[in-house]
Amino acid sequence: MEKLTATNYVDLAESAVKKLECDRQGRVKLTTSQIRNLLDLVNRLYDDARTSNKEEQLSERLQEQVQYVRLRFVYAAGRESTVKDFVEKSEVINYLKWIGGEKERLLLFCRYMEALVAYHKFLGGRD
């Protein structure tokens, strides 16, 4: 897993999406609704983290939410092979573990997830 930073997360997202499984027309098999459902979970985390305390460490409640999001990603990956391909190639599970209790890491992960969705759309992900 390459270290996620404020200066490389967009490049890492582009690289991950380019590695995703494609159909015969060259479109990414992962659908927009599948990736948007995952982004919605992350967006709730982002909103809660931004509006929560001004501490650098996440509250216990937010750390629990990160764990729940990780669980939902694993569940979605287990249900659908295209989601599993996305989860593995983007390494989102490893990055969710990497967050630990650090607020700045959570915010960076959320931006990475947003970049993944943007590149999915830009590179012709299925609707």
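The values are calculated or read from the model by the stated rules, or taken from the named source; none is laboratory data. The structure displayed is predicted, hence computed values, not measured ones. Cβ placement follows ideal geometry from the backbone for every residue including glycine, while neighbour counts extend to all protein chains displayed.
Quick look at the values:
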item	result
Filter result for the condition that a residue is more than 20 Å from residue 7 (Cβ to Cβ), out of contact with any Leu (no Cβ under 8 Å at 6 or more places or on another chain) and not in a helix (DSSP H, G or I), over 36, 24, 44	24
Where residue 23 falls short, out of the listed (1) surrounded by fewer than 16 Cβ atoms within 10 Å (Cβ to Cβ); (2) charged (D, E, K, R); (3) in contact with a helix residue (DSSP H, G or I) (Cβ under 7 Å, 6 or more places away or on another chain); (4) closer than 22 Å to residue 122 by Cβ	(3)
Selection within segment 41-79 - modelled with pLDDT of 95 or more and of a type in the set (Asp, Glu)	64
Any helices (runs of 4 or more DSSP H) falling wholly within segment 54-127 and containing at least 3 residues that are over 21 Å from residue 7 (Cβ atoms) and out of contact with any strand residue (DSSP E or B) (no Cβ under 9 Å at 6 or more places or on another chain)	60-79, 81-90
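Condition check ((1) among the hydroxyl-bearing types (Ser, Thr, Tyr); (2) in contact (Cβ under 8 Å) with a residue 60 or more places away in the chain; (3) under 21 Å from residue 124 (Cα atoms)) across all residues:
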site	(1), (2), (3)
12	no, yes, yes
29	no, yes, yes
58	no, no, no
68	yes, no, no
71	no, no, no
84	no, no, yes
93	no, no, no
